[in-house]
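**Q** Please read through the structure below; I'll follow up with questions.
The values are calculated or read from the model by the stated rules, or taken from the named source; none is laboratory data. Only a predicted model underlies this, so the values are computations on that prediction, with no experimental measurement involved. All Cβ positions, even for glycine, are placed from backbone atoms using ideal geometry, and neighbour counts span all protein chains on display.
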Amino acid sequence: MSEVEVAAEVEEELHHPHSRKPEKPYPNQFYAWYVVGVLVLAFTFSFIDRQILSLLVGPIKRDLEISDTQMSLLQGFAFAVFYSIAGLPIGRLVDRHHRINIIAVGVFIWSVMTALCGTARSFLQLFVFRAGVGVGEAALSPSAYSIIADYFPPKRLGFALGVYGMGVYIGAGLALIIGAAVIGLVSNGGGMVLPLIGEVYAWQVTFFIVGFPGLLVAFWVWTLKEPDRRGYMRKTVAEDGTETAVEVPVSEVVAYMRTNWRTIVPLNICYALSAMMAYGIAAWIPTFLVRTYGWSYPEAGWWYGWAIVIFGTTGVVAGGWMGDVLTSRGIRNGRMMVCAFTGLAALPFTVLYPLMDSPWVALVLICFSTFFATFTTGAGPSTLQELMPNQMRGFASAIMIFVVNIIGLGLGPTSIALATDYIYGDEMMLRYSLVLVPAVVLVVAVISGILALRPYIESLDYLKRWSAENEK
């Protein structure tokens, strides 16, 4: 056998370690991309429902009489804590049960809870409903990551997950654009009377508009086909050839992750801190444009929304694609390199835009910052999927999402608000909070990613050995 053939065989084993035994062919790729498209739609709606608050800061603060810090808790903490806690048991369900049904139920729950936000008349009520949105959304990504990994061969996984990740930025951008379309009512502080609900503030109508269509998305998801699981660590084979997974105990999953902690811990920290920077600035850029440059909320939502839709989506797809390209060229930790180094590219644009005198120059820099910062969103999930056996992916993804959301979404918006309220003591100094916090966070994220580069290769080798010893 030639050196080229040997290298090809080793590469295939590393990226698809269960290929030593014949497996069913991958599903029809046209249908696989159709599934990804529907999951992108669900992810888009999840981020519309999640991010819509960022454009409603002013009206909600005014009508509920709350502070920047309280507002940040609604944007981040209320959602993130319950999203993260619910994600752990859901991650175990993903490894054992019908994943399409799990997603459909989750979409239904978060859509109802988003609509209920439109009935809130106090900070506490809105906090509770936002927590409910988090619980529903916890069902989506662990299931989606696992499903996509079973629909696509490893060489296309990064790109497929990158396309799925577009939903983050399509949804976040559309939340601002949709919000901008109805904000004219909000800005006047007027109310209206709705059947069965009674009088509501105009901003509350926004939650009804973005929440109820999600019920149709839940039904659409429910019509998708559940793919066969691939690369079982353990399985039973019936007489007709049907394979059934044998459950892997949580203790064994935890032991596997503990053995690979030198890879998994810095990978999670790198991804979480990148998300902390992204969530933090996304929550406050519309308000920054209003406070610093005197823009209206509709104007801020419109321009920043399109910046996110265009540059966020291209960035996340580029990140997943770049990870695939580097890996296909023999750079085994290529996906990890994308996670580690793109923060350096985003850093100068991120710290400069808040200091610009012109809002249009600031907006151009925001576009570049968004593009480079989102590379990690495309590469991060495929990086983790590459490291884990099939029956551990759901729980491992839930752990990653737990860390990302506690740190990223839970602390991102609040850390900037705290800097504004308690370091600078003036809401008009928001621009300096948007320099200080992201600068520190991005530097630590890059350092964490670099620390994972060598251990990542060791973890790929460990996966190969583990699979050979444990596949039954």
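**Q** Give the residue that is farthest from the chain's Cα centre (by Cα), with candidates limited to residues of region 115-151 that are small (Gly, Ala, Ser) and part of a loop (DSSP other than H, G, I, E, B).
**A** Of everything passing the filter in region 115-151, SER122 is farthest from the chain's Cα centre (by Cα).
**Q** Moving to a separate point now. Which of the residues belonging to region 82-99 are buried (at least 18 other Cβ atoms within 10 Å of the Cβ) and more than 18 Å from PRO389 (Cβ to Cβ)?
**A** Passing the criteria: PHE82, TYR83, SER84, ALA86, GLY87, ILE90.
**Q** Which ones in region 1-52 are at pLDDT below 50, closer than 29 Å to VAL316 by Cβ and either touching a Cys at 6+ places or on another chain (Cβ under 6 Å) or not in a helix (DSSP H, G or I) (or both)?
**A** HIS16
**Q** Please state which of the following conditions LEU289 fails to meet, knowing it meets all the rest: (1) over 30 Å from ASP68 (Cβ atoms); (2) touching a Pro at 6+ places or on another chain (Cβ under 7 Å).
**A** (1)
**Q** Scan region 441-465 and report the pairs whose first residue is among the polar types (S, T, N, Q) and whose second residue is surrounded by 15 or more Cβ atoms within 10 Å (Cβ to Cβ), with Cβ atoms within less than 6 Å and a gap of 6+ or a chain change.
**A** What qualifies is SER448/PRO266; SER448/ILE269; SER448/CYS270; SER459/ASN260; SER459/THR263; SER459/LEU387.
**Q** Within region 315-339, which residues are modelled with pLDDT of 90 or more, β-branched (Val, Ile, Thr) and closer than 23 Å to LEU442 by Cα?
**A** Listed by number, the list holds a single entry, VAL338.
**Q** Out of all the residues in region 314-336, which are hydroxyl-bearing (Ser, Thr, Tyr) and surrounded by fewer than 24 Cβ atoms within 10 Å (Cβ to Cβ)?
**A** Across region 314-336, the qualifying residues are THR314, SER328.
**Q** To continue, here is another question. Quick one: in region 100-127, which of the residues that are small (Gly, Ala, Ser) and farther than 12 Å from VAL221 by Cβ is surrounded by the fewest Cβ atoms within 10 Å (Cβ to Cβ)?
**A** SER122
**Q** Determine, yes or no, whether THR119 is modelled with pLDDT of 85 or more, of a type outside the set (A, V, I, L, M, F, W, C) and in contact with a strand residue (DSSP E or B) (Cβ under 8 Å, 6 or more places away or on another chain). Give the derivation first.
**A** Working: modelled with pLDDT of 85 or more: yes; of a type outside the set (A, V, I, L, M, F, W, C): yes; in contact with a strand residue (DSSP E or B) (Cβ under 8 Å, 6 or more places away or on another chain): yes.
Yes, satisfied.
**Q** Could you identify the single residue in TYR432, TYR456, TYR422 that is assigned to a helix (DSSP H, G or I), crowded, with 23+ Cβ neighbours inside 10 Å and not small (Gly, Ala, Ser)?
**A** Of TYR432, TYR456, TYR422, the one residue that is assigned to a helix (DSSP H, G or I), crowded, with 23+ Cβ neighbours inside 10 Å and not small (Gly, Ala, Ser) is TYR456.
**Q** I'd like to know if region 216-238 contains one or more residues that are in contact with an Asp or Glu (Cβ under 7 Å, 6 or more places away or on another chain), assigned to a strand (DSSP E or B) and either modelled with pLDDT of 80 or more or surrounded by fewer than 19 Cβ atoms within 10 Å (Cβ to Cβ) (or both).
**A** yes
**Q** On the basis of being β-branched (Val, Ile, Thr) and over 28 Å from TRP203 (Cα atoms), does VAL35 make the cut?
**A** Working: β-branched (Val, Ile, Thr): yes; over 28 Å from TRP203 (Cα atoms): yes.
Yes.
**Q** Oh, and also: Would you mind finding the one in ASP63, ASP49 that is crowded, with 23+ Cβ neighbours inside 10 Å and acidic (Asp, Glu)?
**A** ASP49
**Q** Going residue by residue through region 145-165, is there one that turns out to be under 20 Å from PHE207 (Cβ atoms) and among the hydrophobic types (A, V, I, L, M, F, W, C)?
**A** Checking region 145-165: not a single residue is under 20 Å from PHE207 (Cβ atoms) and among the hydrophobic types (A, V, I, L, M, F, W, C).
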